[in-house]
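Below is one structure, written out as structure tokens, with a few remarks after it.
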Amino acid sequence: MVQAVITSLTNELSKLTNMGYQPVVLTNPGARLYFRKLTERVAPNLTVLSYAELDPKAEVQALGMVKL
């Protein structure tokens, strides 16, 4: 399962960076730390935030999804 998440993440990161975006991953608050630790070796500069860290007025546009 871990490898499937990493593969999905790297595919999404490649797609978004090729489009000129700086990807940010949004997770639920309970998963944020674990997701960051899981991905830090393959994407050390990836920003991982939880929805709780966003300003409620911030507009978010999903351009991809990491999935199994």
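Computed from the coordinates by the stated procedures, all read-outs in this text should not be read as laboratory data. Since the model is a prediction, treat every value here as computed from it, not as a measurement. Methodologically, a virtual Cβ is constructed for each residue, glycine included, from the backbone with ideal geometry; neighbour enumeration extends over all protein chains shown.
Quarter the surface of the alpha carbon convex hull of the chain and you get the mean projected area, 4.6 square nanometres. Neighbours of residue 44, meaning other residues whose beta-carbon lies under 13 angstrom from its beta-carbon, give a summed charge of +2 when Lys and Arg score +1 and Asp and Glu score -1.
Listed values for segment 10-26 are Karplus-derived 3J(HN,Hα) couplings in whole Hz (6.51 cos²θ - 1.76 cosθ + 1.60, θ = phi - 60°), namely 5, 5, 5, 4, 4, 4, 6, 5, 5, 8, x, 9, 9, x, 9, 9, 10, and x replaces Gly and Pro.
Rounded to the nearest 20, the Cβ-based charge dipole of the chain about its Cα centre (Lys and Arg +1, Asp and Glu -1) stands at 200 debye. Here the 3J(HN,Hα) profile of segment 53-59, calculated from phi with Karplus coefficients 6.51, -1.76 and 1.60 at θ = phi - 60°, is 7, 8, 5, x, 8, 5, 8 Hz, Gly and Pro shown as x. Estimated at 0.36 nm per residue, the fully extended path between residue 21 and residue 68 surpasses their Cα-Cα distance by 14.6 nm.
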